[in-house]
Amino acid sequence: MENNLIVWIIVLASMVIAALATIMIKNLLIAAVTLALTSAILTIALFMMGAQLAAAMELSVCAGLVTAVFATTISLTKASKGPELAAQKKDRLSRFLPLPFMLLALGIGIFLLWPGMNIVILGGNHTDAAARQVIWNARALDILGLSFIILAGALGVSVLFKKKEGK
């Protein structure tokens, strides 16, 4: 039991260190790689908790696909300086302003519709069930959360790359 606690402490401390490195590093490409490292460490924690499907999803989507998207986006963008940077920040803030309100409205709508959605929250290990049964029936809440994350990411990327008319 004590060895298991030591392993958990090492895994969680490593994840916190990698996450802090991600937000403190100024080089965006290195920050994307440390974010992938954080995701890989989270995958280890998920496997240790017995959530193999969630761990596989975390490793493939977050550590793999998202890192590739970030690296591509970073390589396609150029750094701005001086007044141009200040104008871009102000413009970006005005474009992002409706996003939290949209997500809040979506969350309130889901909360109000919750009883009619027939979502079952299950605990425990579902290794005996077929993956399709687990994903679409027993883990419907996870799929809903993942859908929100993908929607928020898509909206964020569309806001970042949206060009104003006349430019």
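General observations
- The residue of region 65-89 that is modelled with the highest pLDDT, among those that are over 10 Å from LEU29 (Cα atoms) and among the hydroxyl-bearing types (Ser, Thr, Tyr), is THR77.
- In region 62-85, the qualifying residues are those that are exposed (fewer than 12 other Cβ atoms within 10 Å of the Cβ) and assigned to a loop (DSSP other than H, G, I, E, B), and the one that is farthest from the chain's Cα centre (by Cα) is GLY82.
- From the options LEU29, LEU59, residue that is assigned to a helix (DSSP H, G or I), buried (at least 17 other Cβ atoms within 10 Å of the Cβ), aliphatic (A, V, I, L, M) and in contact (Cβ under 8 Å) with a residue 12 or more places away in the chain: LEU59
- Taken as a whole, the condition of being assigned to a helix (DSSP H, G or I), farther than 22 Å from LEU155 by Cβ and touching an Asp or Glu at 6+ places or on another chain (Cβ under 8 Å) does not apply to THR38.
The values are calculated or read from the model by the stated rules, or taken from the named source; none is laboratory data. Predicted, not measured: the structure shown is a model, and the values here were computed from it. For neighbour counting, all protein chains shown are included, and Cβ atoms are generated from backbone atoms with ideal geometry for every residue, glycine included.
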